[in-house]
Each structure stands twice: as C-alpha cells, then as structure tokens.
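*Asks:* Have a look at this one.
Please treat every number below as a calculation from the coordinates, not as lab data. Because the structure is a prediction, the values reported are computed rather than measured. All Cβ positions, glycine included, derive from the backbone under ideal geometry; neighbour counts span all protein chains shown.
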Amino acid sequence: MAKIVIGKDGDEVSSHLCQAIEKQYESYDPSGSRPFVIGLSGGSLPKFFAAGAPQMTKINWNKVKFIFCDERLVSFDDPESTFKVYRETFISKVNGVTKDQFVVIDPTKDVEACAQDYQEQLAQLDSPQDGSFPIFDVLLLGMGPDGHTCSLFPGHPLLDEQSRIVASISDSPKPPPNRVTLTLPVLNKARACIFVSTGEGKKEILKKILEDKEDFPAGRVKPETGTLTWILDAPAASLLKL
Ligand SMILES: O=C1O[C@H](COP(=O)(O)O)[C@@H](O)[C@H](O)[C@H]1O
C-alpha cells in the first residue's frame, strides 16, 4: 500500500523527501563494507533533492553511492544530462560528496552498449541480490504527465522487460530519444521507492494512477517487499480524495 504525503510548497516537499531518505538510512549498517545506494531521477526531482540535501545530517555521505534510475545518452556538458544537473546543483552543496560517488553512464558508447556497460557497473556495487537482481536501498522517482517513470513510457515494449537490470531506449517519446533506464523488475526489488510529483500538470495523472488504478508505467512500481511513498505538493494532489 502506497503512503501519500503532501507538502504545501516546494520546501515542504524537500523536507518530506529528506525525511523519507533518512528513514530508510536507519535500516542501513554504515559499519559494513557495502554502500548505501540511492537511485536518482532527472526532470524536476533534482531541485527538491539538492535543496533538501544539506538537511540530511544523519547520513554519512561517504558511504553513499549514487546511481541513475535513468539517464539521457548525451555528453555530460549537455543541459539534458541528468548527471550534469546533479554535478552543478548537488555535489557543490554537500560537504564531502564527490563525483566519484556517482556511477555514471559512458556517453561515448552506442545506446545498447551503454545500457550493458551501466548494468555491469551496477553489478559491481556489492548490493544485496534477489536472484539476478540487485536490491537497491532507495530509488527516487519522478513521473511525467503521461504516467512515465524513469524512461519507461506508456505502451512501450520495455514495460515487458523481465530479465535485464538496465535497458536501452532509442525512441523515447520525450527528447532526447536515446536513454538508458532501470527496468520494472529492479525497481520492484528496491527497499524503498519514493516518487516526487508536483504541480498542476500532474493532478490528472495522479488521480488516474492513485485513485482510479488505471494502468500507467508509474503505477506499475509496486515494490515486492519494500516501501512505496508518493510525495506530492498541494496542486498535484488537488484531485485526490484523501
Ligand atoms: O524525462 C524524464 O522525465 C521524468 C519525469 O520528469 P518530471 O520533470 O516530470 O518530474 C523523470 O523522472 C526522468 O528521470 C526523466 O529522464
């Protein structure tokens, strides 16, 4: 069952996001060797994460590895690069976080080779496994007004992917067309999936997914044993009968 949390404005959304991440960190043992893995999304999410990050004082950032729930296949200087956004808005704000803690794509590869390479990089993180799938600690997710999450779009064959951890997409309906993305099976193995969805433009799709239970990619994120949290602002939640 999803937990829905509503912030009255962007600051409250950031606060709820930080609290949710810190709560998940409580069940992690920082004295062990494995990292605490946080999956990052692009779009509107980085601004809430970066704004709240300095408040997350319980987290030993040295133990964190950041991965990308999806990434656009563009150079790291391109404004569409999600890594670029985090490099410019987050790394500079939190003491001790360096770019070496980010598991980044190789943007020089073709999209399929890039996905394969990223999957291999994720496999080296020493995360717990369930069968062939890693169990990541926290995945921070966004959702487009069409109901996509990561780079998993409505009606796309990637929604049926059952075995890969990272897949490529070369026909993304939202530009840029070439991207790599975590797949639904790995999203649903995570210990915690936290969506952040804000603004008037998301109110209809949120009602369809959270209340009417219509089938959209974001609604297929249902962690098997982990938790699912939706953090919304008031405009995004305005059609929900909570
Ligand atoms: O293209 C993308 O869009 C989604 C949703 O973005 P938002 O701006 O509507 O929050 C994002 O989660 C994903 O990472 C990104 O590649």
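*Asks:* Can you tell which of PHE49, PHE76 is of a type in the set (Phe, Trp, Tyr) and more than 25 Å from SER27 (Cβ to Cβ)? Steps first, please.
*Replies:* Numbers: PHE49 fails: more than 25 Å from SER27 (Cβ to Cβ).
One residue alone meets the criteria, PHE76.
*Asks:* Oh, and also: Please enumerate the residues belonging to region 149-165 that are more than 14 Å from the ligand (Cβ to nearest atom), surrounded by 14 or more Cβ atoms within 10 Å (Cβ to Cβ) and within 17 Å of GLU112 (Cβ to Cβ).
*Replies:* GLU161, ARG164, ILE165
*Asks:* Is it the case that ASP146 is more than 20 Å from GLY43 (Cα to Cα) and surrounded by fewer than 18 Cβ atoms within 10 Å (Cβ to Cβ)? Show your work before the answer.
*Replies:* Working: more than 20 Å from GLY43 (Cα to Cα): no; surrounded by fewer than 18 Cβ atoms within 10 Å (Cβ to Cβ): yes.
The answer is no for ASP146.
*Asks:* Out of (1) surrounded by fewer than 17 Cβ atoms within 10 Å (Cβ to Cβ); (2) part of a strand (DSSP E or B), the odd one out for LYS213 is which?
*Replies:* (2)
*Asks:* For residues that are farther than 16 Å from HIS16 by Cβ and part of a loop (DSSP other than H, G, I, E, B), tally how many sit in region 216-239. Give the derivation first.
*Replies:* Within region 216-239, the subset farther than 16 Å from HIS16 by Cβ is 216-226, 238-239.
If we keep only those that are part of a loop (DSSP other than H, G, I, E, B) too, we end up with 216, 221-226, 238-239.
Qualifying residue count, region 216-239: 9.
Okay, residues lined up against (1) part of a strand (DSSP E or B); (2) crowded, with 21+ Cβ neighbours inside 10 Å; (3) more than 19 Å from the chain's Cα centre (by Cα):
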position: ILE4; (1), (2), (3): yes, no, no
position: VAL13; (1), (2), (3): no, yes, no
position: GLN19; (1), (2), (3): no, no, no
position: SER31; (1), (2), (3): no, no, yes
position: GLY39; (1), (2), (3): yes, yes, no
position: GLY42; (1), (2), (3): no, yes, no
position: ALA50; (1), (2), (3): no, no, no
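*Asks:* Considering each residue of region 157-172, count those that are in a loop (DSSP other than H, G, I, E, B) and closer than 30 Å to HIS16 by Cβ, and give that number.
*Replies:* Quick first cut of region 157-172, residues in a loop (DSSP other than H, G, I, E, B) only: 161-165, 170-172.
Add one more test, that the residue is closer than 30 Å to HIS16 by Cβ, and what stays is 165, 172.
Here the count works out to 2.
*Asks:* Let me ask you something else. If you take the residues of region 211-242 that are of a type in the set (S, T, N, Q) and free of Cβ contacts under 8 Å to residues at least 60 places away in the same chain, which of them is farthest from the ligand (Cβ to nearest atom)? Give the derivation first.
*Replies:* Our first condition is that a residue be of a type in the set (S, T, N, Q); within region 211-242, this holds for 225, 227, 229, 238.
Pick out the ones that are also free of Cβ contacts under 8 Å to residues at least 60 places away in the same chain and you get 225, 238.
On the way: THR225: 23, SER238: 17 Å.
Result: THR225.
*Asks:* What tally of residues in region 31-53 results from selecting those that are farther than 16 Å from VAL97 by Cα and touching a residue at least 12 places away in the same chain (Cβ under 8 Å)?
*Replies:* Going through region 31-53, the residues farther than 16 Å from VAL97 by Cα turn out to be 31-34, 41-45, 47-48.
In the following step, the residues that additionally are touching a residue at least 12 places away in the same chain (Cβ under 8 Å) were identified as 33-34, 41-45, 47-48.
Count: 9.
*Asks:* Go through region 27-55 and give me each residue that's away from the ligand (no atom under 16 Å from the Cβ) and within 18 Å of LEU122 (Cα to Cα).
*Replies:* SER33, ARG34, PRO35, PHE36, VAL37
*Asks:* From the set of residues in region 174-210 that are surrounded by fewer than 22 Cβ atoms within 10 Å (Cβ to Cβ) and among the polar types (S, T, N, Q), which is nearest to the ligand (Cβ to nearest atom)?
*Replies:* ASN178
*Asks:* Follow-up question, since we're still on this one. With respect to the numbered conditions (1) in contact (Cβ under 8 Å) with a residue 60 or more places away in the chain; (2) at positive phi, which one is the sole condition not fulfilled by GLY155?
*Replies:* It fails just one condition, (1).
*Asks:* Please verify whether GLY131 is within 14 Å of the ligand (Cβ to nearest atom) and either more than 17 Å from the chain's Cα centre (by Cα) or within 27 Å of SER14 (Cα to Cα) (or both), treating the condition exactly as stated.
*Replies:* On the way: within 14 Å of the ligand (Cβ to nearest atom): no; either more than 17 Å from the chain's Cα centre (by Cα) or within 27 Å of SER14 (Cα to Cα) (or both): yes.
The answer is no for GLY131.
*Asks:* I would also like to ask the following. Conditions first: (1) aromatic (Phe, Trp, Tyr); (2) within 16 Å of the ligand (Cβ to nearest atom); (3) in contact with a helix residue (DSSP H, G or I) (Cβ under 8 Å, 6 or more places away or on another chain). PHE83 passes all but one, so which condition is the exception?
*Replies:* With (1) aromatic (Phe, Trp, Tyr); (2) within 16 Å of the ligand (Cβ to nearest atom); (3) in contact with a helix residue (DSSP H, G or I) (Cβ under 8 Å, 6 or more places away or on another chain) applied to PHE83, the lone miss is (3).
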